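Each value in this text was obtained by applying a stated rule to the coordinates, not by laboratory testing. Not measured: the values here are computed from a predicted model. FYI the Cβ positions are ideal-geometry reconstructions off the backbone, even for glycines, and counts take in every protein chain you see.
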């Protein structure tokens, strides 16, 4: 089992075996005198260490069980835990961690794994004896979440606790995983130095564009090109091999042929690189040979404690002014903003960055996960929860690696930050294509995906365009407190289309309060309609737009406004935009306002550049659908947090028998 430590690196936990005797002895000999005295209650000779290593390696299953934590390519032992039966359903437990790995959560991970194994083998209570000054060990027991019973005794402390996982222990495990995921993603998006392995001398190649984007975007640390055939790459001093790089490398971006990636990854592990982005294709997406190569790549990363984005991806970026990382081969830089975006499709990610910029929707960070061999959407969502630069999370998904975990994570994060997702593979053909392109293990039923998203508070959109429509609203306006919409327009037809779509999508277009209608009659032409939609007719002036927004915003029967403008001969769209901004500013963010500018050219710059950010749409139906999706999310967020049902009377064996019988009838 691979576990992620607090710093985001990984270690492997497995049972001890007879072949571990030499490595266990090496591990014990490498411990400090203080650590050995705490573990063995006094000083120990080398002969004693030899006997201990032999005993631990040959522990009989009926007597007890041991596990080790392995780290590094050579598989050195950095932690050991074991239990030995004492009487009945009780066993004595003990563990020791190498000094370099203490404080990273490895002790808790070993203890939790050992407790689970013990519980399955009929051990219900662990006993431990701890020296009075061994505060770290007591902290490991306590922080693991077990219900401890502590009994002081002469010269020692006795600790008893049940092996069954308590809610507290489960929460501790969840918290540890959360911290580890955040730190792991941080090593990618906030590196101090970046090496581009396979950096191209010419523009137009992937390796060339990745290097140029890093330089042009203004990365705050050193950018280190590695090219086996050049000493200078794009006017930057290059290195023939990673070993030649004179300074530490935090992040390595690999752009070499698939056949060379494994050797490069080995070199990165030897240099202590923390994070790999493998842009190269030719892995699980191309068949069994590629899948075997991908599995080996992941094993290399695990052994070295490195984390991996990709392979078969388009890179990562972080627009934070203190980082300015653009390790992608996107043709144009992103606009900085407050949206975090993950794409499982590399080519789609390129288009999305360009599309977001055209909408004026800036990105805080972007990650193309490709084949998701390691870092996944679950890790990124946890990172973006605590990222101060991110207000909205966007996901393009082709598969779920762990739907249950995704649901649990999203349910927590969506309470604070909205998550908008497009999940492809709705049709059988789409599911087949998704599976063959990305090596996905699950082609989930679309009905179950819908249910998962609804329960977790994830806003699902049918198209990428709709996803950005929703994101534009969430990034600029608050979710509505209800479903009641006021529609303001200078043309009757678009207002009717908007009202129809609102009602079809579960929104309400109510009759306005009498006070509101009276104020509108006093403001508008006698030919105007002050129902809902409010049709100000084509002669409506910018001042009337501004005042009508203020009047509608005061109506307690209105939760949100959709403002539609079709340019007549007068006024100019820019004048209307200025007036709308002034009207929206007067609402002080109490209610969301969406605009629809139906014109040949783009939305007026006056609407985009204003200090009050207002989303704008090309057609009224688009605005209504976006508002409906956000209203659903706002309603979900006001519900009390639900506890998942637990069933203690499940008859698993009988259920398996029924399924087996049914399968046998086919």
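Some notes on this structure:
- Per-residue Cβ neighbour counts within 10 Å put 424, 476 in the sequence 424, 476, beginning with the fewest.
- Inverting the pair-averaged 1/r between distinct Cα atoms of region 186-473 gives 19.0 Å as its Kirkwood hydrodynamic radius.
- A full extension of the chain between residue 355 and residue 48 corresponds to an added length of 103.8 nm, given 0.36 nm per residue minus the alpha carbon distance.
- Sequence-separation-based contact order of the chain, relative, with Cα cut under 8 Å and 6+ spacing, percent: 8 percent
- DSSP-defined beta bridges in the chain - what % are antiparallel, rounded to 5: 45 percent
- Once the Cα-Cα distance is subtracted from the 0.36 nm per residue extended length, the residue 156 to residue 2 segment shows a gain of 52.1 nm.
- Simple spin-label estimate for residue 288 and residue 175 gives 4.7 nm between the two label positions (7 Å along the Cα-to-Cβ direction from each Cα).
- Ranked by how many other beta carbons lie within 10 Å on average, peptides 58-67, 350-359 from highest: 350-359, 58-67
- Cα-based Rg of region 67-123 normalised by 2.2 N^0.38 Å, two decimals: 1.23
- Note on the chain: Rg/Rh from C-alpha atoms, Kirkwood Rh, equals 1.06.
- Relative to the longest principal axis of the Cα atoms of the chain, the long axis of helix 288-304 makes an angle of roughly 70 degrees.
- Coordinate range along principal axes, alpha carbons of region 478-638, Å, largest first: 43, 34, 28
- Highest average packing first - 217-223, 107-113, Cβ atoms within 10 Å: 107-113, 217-223
- By the count of other C-beta atoms within 10 Å, a proxy for reagent exposure, 335, 368 are ordered fewest to most as 335, 368.
- Cα-projected label distance for residue 263 with residue 247, points at 7 Å along beta-carbon direction, nm: 2.8 nm
- Placing R0 at 41 angstrom, the Cβ-Cβ distance between residue 618 and residue 415 gives a FRET efficiency of 0.80 after rounding to 0.05.
- Estimated [θ] at 222 nm from DSSP helical runs (n ≥ 4, -39500 (n - 2.57)) normalised by residues in the chain, nearest 500: -13000 deg cm²/dmol
- Packing-based order for 507-517, 557-567, 28-38, using average beta carbon neighbours within 10 Å, highest first: 557-567, 507-517, 28-38
- For the pair residue 554 and residue 335 in one chain, pulling the backbone fully straight at 0.36 nm per residue adds 75.4 nm over the alpha carbon distance.
- Estimated FRET transfer efficiency when R0 is 41 angstrom, pair residue 454-residue 119 (beta carbons, to 0.05): 0.75
- For region 2-165, a Kirkwood hydrodynamic radius built from all Cα pairs, placed in the Stokes-Einstein relation at 20 °C and 1.002 mPa s, yields a translational diffusion coefficient of 134 µm²/s.
- Compared with the dominant Cα axis of the chain, that is its longest principal axis, helix 542-554 is turned about 60°.
- To the nearest ten degrees, helix 464-474 and the longest principal axis of the Cα atoms of the chain are 80 degrees apart.
- Pairs of Cα atoms in region 338-380 fall into 5 Å distance bins, from 0 up to the last occupied one, in shares of 6, 23, 32, 22, 12, 5, 1 percent.
- For 448, 129, the sequence from fewest to most other C-beta atoms within 10 Å is 448, 129.
- Here each label is just a point 7 Å from Cα along the line to Cβ, and for residue 131 and residue 500 those points are 8.2 nm apart.
- Cβ-Cβ FRET estimate between residue 166 and residue 538, R0 fixed at 60 Å, reported to 0.05: 0.30
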